[in-house]
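The values are calculated or read from the model by the stated rules, or taken from the named source; none is laboratory data. Since this is a predicted model, take the numbers as computed values, not measurements. Every residue, glycine among them, receives a Cβ derived from its backbone with ideal geometry; neighbour counts consider all protein chains shown. Each accessible area value is taken on the protein alone, full model and side chains, heavy atoms only, with ligands, DNA and RNA left out. Shrake-Rupley method; radii C 1.70, N 1.55, O 1.52, S 1.80 Å.
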Amino acid sequence: MSDDAYVLRVKEVAEAPIPVCPARTFAFAGDGVPGNYDPTSLPSGLEAVFLVNYERLGDTYGASAMGDVATALDAMVTYLARTGMPAAVVPIADPDAVGSAAYLAWDANPCDPNAANGVSVAITGLLADIRAAQPTLTYVSLVGSDEIIPQARIPDLPVLANEKHYAATFAANALYGTLATSHFLSDDPYGDVDPIPWLDRYLYVPELGVGRLVETPAQIAAQLDRFRHPTVAGMLDPSTAFVSGYDFLTDGAQAVEANLTGYTVTSLISETWDDSALVAGLAGAEVLSPNAHYDHHRALPADQSAAGTETELVTTGDVPATIDDGIVFTMGCHGGLNVADTAPGGAEPADWAQTYAGTGSVFVANSGYGYGDTATVALSESLMAEFAANLDGSLTAGRALAFAKQSYFGDLGLHGVYDEKALQQAVFYGLPMYSIGAGSPPSPPSPPATQPDPVTGLETATFSEAPVFVLESTPFGDYYAIDGETQGIHYRPIQPRTGIDITVDGLIATGAVFTGLVSEDVLAADPAFLRPTIDYSIEEPEVETENVIFPTTFQTIATYNAPAASGGPYEQRQQLNIIPGQYQGGDPGVQRLFTSFDTVVYYTEPGNTDFTPPAITRVDAAIVGNQASFVVEADDDAGIAR
C-alpha cells in the first residue's frame, strides 16, 4: 500500500485489416469425392481417428492420388485394429456432416484468418461429439497440409517477434493473411477437449496426441505404409541422440541433452560449429535436436551467427538421406511452419516439415518465432526440454508432446503471453501413436492425507516445506532457483519456484492459504530478468529494474492432465505452485526469500461450481510492537465461513 501518485498507461492497438486474396482454385477441380461419415459406424473403444477431406485432396491432387491415400488409410485402420487399437477414418466436409459451408467461405478469401477458424471450429466440434461418445479417444491424425485441413489461427499477442514481421515472406496466400493479421498457427485445438477460458480468449493445452501428415498424397501414403512395415511395426526404438545449440539456445540445448536419459548423446553446443558439422550430426543419430536460428527452410550454423554472416547455411536440401524413422525436434523459429506446395508461391523451396516427413521421421517444431532466455531455460527451450524428458519410452511420440505441454502449463505459477505462444505453436508432424521403445507410463504420486476443516467442513491438506535456494549467477544477472526450478514472466525478475502434487481422487482443490511464513531479505544489486530472446543475445538490452515488485501472488493451483498409469486417456491432476520469493526494486534492490512456509489446501466436491472468490471491499492493517492485525470487509453470495 502506498500513498504515492502513479501513472497507468494504456496503449490500444487497432486490429490489422484482413487482406483480400484471390479465391482459391484447384488443379483437379471436380475429381474429389466427398467421404461418407457415419458416426454409428465408429468402433467401440475408439482410440484413434484420421481426419481426412477426400474431396479437397482429390480436387487438389487428382482422383488417383486421393484413392492412394484412402487405400493407405483403410490399411492403417485395419492394422491398428489388429494390434488392439480401435481406429476409424472420419471424412470431413461431407455435405451431411460438417465443414462444407465453412470451407466455401474460406476458399472465397484464403487470407481471412477468421474464415479459416470457421473451418477449424466446425471440425473441433465434430471431434468433441466423437470424444463425448467415445471417451477412450487418444489420438487424432490430420491428413494433409493447412490447405487441406486448416490449422487454428491463434492471436499473436507478444510484441517481440510478432508474426506480422514474417508475413512478407509469402505471396498473397493463407499464410500471408494469417501472419499479416498477427496470428500464429496451432493444431492444439484439435487435441484439447476442454480449452481453458483465458481472459478474452481460450488457452489450448492438448490431452490428445495430435499429429499432422504432410504433404503430398504420396508422402502421406508412404508415412502410413511405413508405420505398418514389419521392420517398424509402429515402434520407434532409438538409442542414439544428437543435440546442437549456441548463444541463447545454449542452456536450452544443454537441458535437452541432460533430459535424454538412456541415450548415447553426441552434442554440438558451442559458438564455432559450421554447416558441415551440423549435417554430420544429423546423419549420426536417431533422436535429433538441431537447435539454431531458423526459418522454414534454412538454419544458421553457430559460426555464421557469431560472425554475423549468412553465407554458409544449412538448408532442407542438406538433410541426410540416411535419416530414417527418426524423432526430430527443434526450438528454432518457424522450423515447424509447413508451406503447402499447392498454395500460391509455396512450391519452392521445400520446408523442414515436408522434408522430414519424406524421411519417415516425426518432427516437432515451432510454426512461429521460437523464444528462449539468456539467463535461464524458459519458453520454447523449456517446452522442448520437457519433450526430451518424455522420450524415455514411457509414452508414445504424440503423447510425449501433449504431456510436455501439460507439464509446461502445470509447472508454472504464473503465465504470460510469451508462454501462451511458446506452448501452442509447437506442432507435431507424423503419426502420434508411434511407440518409443517398450516402456510404460509412470505411476502418479501418492495423494496427500486430508482432514476436515473444523470451521468450513471442507476437506483440507496441510504442507510444510523449507526450500533450499541456490544462487545462480549469469552474465545477465543473478537469480535463485529450487532444484533448478524457476518462475519467469516476460520482463520480470526470475524467481524460485517449487511445485507440490495435491491431487486427491474424488475432490477438487479450489484454493490454498499460507498459515506460516519465515522470510529473509538479501541485497540484489544485479537481478536477472526474463527476456524473451530470438536473436543474438548480446545485442538485446537488459531490462530496467527500478520500481519493480514481483510477484504479488505467491501460490496458485494448476489443474492439468497427465498420462494414466493404465496407458488410457489422460487423467486430471492438480499441482500447488509456490513462488517463495519476491524482488523489490530499488538502489539496490532487495530479494525476499521465504525460507519456510506452511500452507493449507482446501478441497470441494467435483460438482461444486462456485469458484468465484469473495469481493473484498476494504482492508485495514495496524502494527503494534511485533504484532500485526488486519481488518477485512468482504462479501459473498454463498456466505463466508472463514
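Taking the criterion of being at pLDDT below 90, open to solvent by less than 40 Å² (accessible area, probe 1.4 Å), closer than 30 Å to Glu207 by Cα and not in a strand (DSSP E or B), would at least one residue in the range 547-565 satisfy it? Scanning the range 547-565, I find at least one residue that is at pLDDT below 90, open to solvent by less than 40 Å² (accessible area, probe 1.4 Å), closer than 30 Å to Glu207 by Cα and not in a strand (DSSP E or B), so the answer is yes.
Exactly one residue out of Arg592, Arg618 is open to solvent by 60 Å² or more (accessible area, probe 1.4 Å), at pLDDT 95 or above, out of contact with any Lys or Arg (no Cβ under 9 Å at 6 or more places or on another chain) and not small (Gly, Ala, Ser), and it is Arg592. Take the conditions (1) open to solvent by 40 Å² or more (accessible area, probe 1.4 Å); (2) of a type in the set (D, E, K, R); (3) in contact with a Pro (Cβ under 9 Å, 6 or more places away or on another chain); Arg24 misses just one of them, which is (1). Checking every residue in the range 403-423 against the condition of being in a loop (DSSP other than H, G, I, E, B), open to solvent by less than 20 Å² (accessible area, probe 1.4 Å) and of a type in the set (A, V, I, L, M) gives zero matches. Selection of strands (runs of 3 or more DSSP E) fully inside the range 446-489 by the criterion of at least 1 residues being open to solvent by less than 40 Å² (accessible area, probe 1.4 Å), at pLDDT 95 or above and over 30 Å from Thr374 (Cα atoms) returns 459-465.
Mind listing just one residue for me: the one in the range 247-262 that is closer than 19 Å to Leu383 by Cβ and assigned to a loop (DSSP other than H, G, I, E, B) and, of those, most open to solvent (accessible area, probe 1.4 Å)? Walk me through it before giving the result.
Within the range 247-262, the subset closer than 19 Å to Leu383 by Cβ is 247-261.
Then drop every residue that is not assigned to a loop (DSSP other than H, G, I, E, B), which leaves 260-261.
Working: Leu260: 6, Thr261: 88 Å².
Looking at residues that are closer than 19 Å to Leu383 by Cβ and assigned to a loop (DSSP other than H, G, I, E, B), I get Thr261.
Glu207 falls short on exactly one of the conditions (1) part of a loop (DSSP other than H, G, I, E, B); (2) within 25 Å of Thr25 (Cα to Cα), and that condition is (2). For Val159, the conditions (1) under 23 Å from Pro206 (Cα atoms); (2) outside any helix (DSSP H, G or I); (3) of a type in the set (Val, Ile, Thr) all hold with the exception of (1).
Hey, among the residues in the range 158-170 that are surrounded by fewer than 16 Cβ atoms within 10 Å (Cβ to Cβ) and of a type outside the set (Val, Ile, Thr), which one's farthest from the chain's Cα centre (by Cα)? Among residues in the range 158-170 that are surrounded by fewer than 16 Cβ atoms within 10 Å (Cβ to Cβ) and of a type outside the set (Val, Ile, Thr), the one farthest from the chain's Cα centre (by Cα) is Ala168.
Of all residues in the range 490-538, those satisfying the criterion of being of a type in the set (Phe, Trp, Tyr), surrounded by fewer than 21 Cβ atoms within 10 Å (Cβ to Cβ) and under 30 Å from Lys421 (Cα atoms) are Tyr491, Tyr536.
Taking the criterion of being part of a loop (DSSP other than H, G, I, E, B), open to solvent by less than 10 Å² (accessible area, probe 1.4 Å) and farther than 28 Å from Ala221 by Cα, the residues of the range 353-374 that qualify are Gly370, Tyr371, Asp373. When Thr396, Thr330, Thr342 are checked against the criterion of being more than 25 Å from Ala302 (Cα to Cα), under 19 Å from the mean Cα position of the chain (by Cα) and among the β-branched types (Val, Ile, Thr), a single residue qualifies: Thr396. The set of residues in the range 41-64 that are more than 31 Å from the chain's Cα centre (by Cα), polar (S, T, N, Q) and modelled with pLDDT of 95 or more contains only Ser64. Here is a check on your reading of the model: is Asp59 in a helix (DSSP H, G or I), of a type in the set (D, E, K, R) and in contact with a Phe, Trp or Tyr (Cβ under 7 Å, 6 or more places away or on another chain)? When the stated conditions are applied, Asp59 passes them. Of the residues Ser289, Ser305, only one is in a helix (DSSP H, G or I) and either over 25 Å from Ala174 (Cβ atoms) or open to solvent by less than 30 Å² (accessible area, probe 1.4 Å) (or both); which? The conditions single out Ser305. Against the list (1) more than 30 Å from Tyr61 (Cβ to Cβ); (2) in contact with a strand residue (DSSP E or B) (Cβ under 6 Å, 6 or more places away or on another chain); (3) touching a residue at least 12 places away in the same chain (Cβ under 8 Å), the condition Val205 fails is (2). Scan the range 217-246 for residues that are in contact (Cβ under 8 Å) with a residue 40 or more places away in the chain, β-branched (Val, Ile, Thr) and either over 19 Å from Val328 (Cβ atoms) or in a helix (DSSP H, G or I) (or both) and jot them down. Scanning the range 217-246 gives a single hit, Ile220.
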